[in-house]
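These notes concern the structure reproduced below.
Here, each number is a calculation from the coordinates, and none is a lab measurement. Predicted model, so just to flag it, every value in this text is computed and none were measured. Please note: Cβ atoms are built from the backbone with ideal geometry, for glycine as well, and neighbour counts cover all protein chains shown.
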Amino acid sequence: MEFKKEIIINKPIEAVWDVLGNQFGDAYKWASGLNHSKAFSPPRINGAPSNNRSCELPSGKIKEVIREFDANKHILEYEVIEGFPFFVDTAINNWQLTKISADRTQVEMHLVVKTRGLIGSIMNPMMRMQLNKQLVHIPNDLKHFVETGKPSQNKEKEQQKLSQKVA
């Protein structure tokens with residue numbers, strides 16, 4: 001399964017990279033579908049803020065490891081290494097930023113999820129629907145957060161629901 005998303009953010013590439021790359025562990029502040037996230041373990045790639053990130057989703061917890069972090073080329077790639085169902089073989093997300101002008105940045109997200117076995121084949125359509133539903137908001141969440149410094153409306157609604165559950 002492949003998912004590709006593109007969006008233009010009306011901010012300099014450095015501002016977008018700061019949120020996406022340098023604040024890798026704090027994605028929960030802007031990304032829908034993340035209740036919380038936290039970076040951990042020292043970086044293995046020069047310039048990366050950490051090596052791993054743990055994420056709390058409404059459906060459970062996952063851990064991700066940074067596979068590529070290039071602040072000069074503005075590339076971030078990470079893989080889910082823990083927390084997905086047993087029939088998911090790999091899940092790798094790649095982000096690439098491209099400078100359009102001094103204050104405009106193109107963001108490309110490319111997620112590849114591979115399943116395995118008979119159960120993976122059976123669950124593939126359901127996973128595709130669920131991931132499509134989750135991923136539809138992510139680029140817009142990033143755009144809104146970078147351009148305004150505030151979470152998107154969708155992210156704010158999630159945060160309100162989460163705080164009501166805790167209270």
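Given R₀ = 22 Å, FRET efficiency for Val136-Phe86 by Cβ-Cβ distance, to 0.05? List each step's numbers first, then the result.
Numbers: r = 26 Å, r/R0 = 1.19.
Efficiency computed from Cβ-Cβ geometry: 0.25.
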Query raised in the report: So how far apart, in nm, are the two label points at Lys157 and Met123 if each is 7 Å from Cα heading toward Cβ?
Result: 2.7 nm
Query raised in the report: Relative to the longest principal axis of the chain, what angle (0 to 90°, nearest 10) does the C-alpha long axis of helix 153-166 take?
Result: 60 degrees
Query raised in the report: How far is helix 138-148 tilted, in degrees, relative to the longest principal axis of the Cα atoms in the chain, given as a value from 0 to 90 rounded to the nearest 10?
Result: 30 degrees
Report summary line: Quick calc, the stretch 8-139, dipole around Cα centre from Cβ unit charges on Lys, Arg (+) and Asp, Glu (-), nearest 20 debye, gives 220 debye
Report summary line: Percent relative contact order for the chain, counting Cα pairs under 8 Å at least six residues apart, stands at 26 percent
Query raised in the report: Using Cα atoms only, what is the angle between the long axis of helix 117-135 and the major principal axis of the chain, expressed in degrees (0 to 90) to the nearest 10?
Result: 30 degrees
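Need one number: convex hull volume per residue for the chain, Cα atoms only, in Å³. The partial results should precede the final answer.
Values: hull volume 18.2 nm³, N = 167.
About 109 Å³ per residue, rounded to a whole number.
Is the shape of the stretch 1-61 rounded, prolate or oblate, going by the alpha carbon gyration tensor and its root eigenvalues a ≥ b ≥ c, with a/c under 1.5 for rounded and a/b larger than b/c for prolate? Intermediate results must be reported in sequence, preceding the final value.
Numbers: a/c = 1.69, a/b = 1.08, b/c = 1.56.
The shape class here is oblate.
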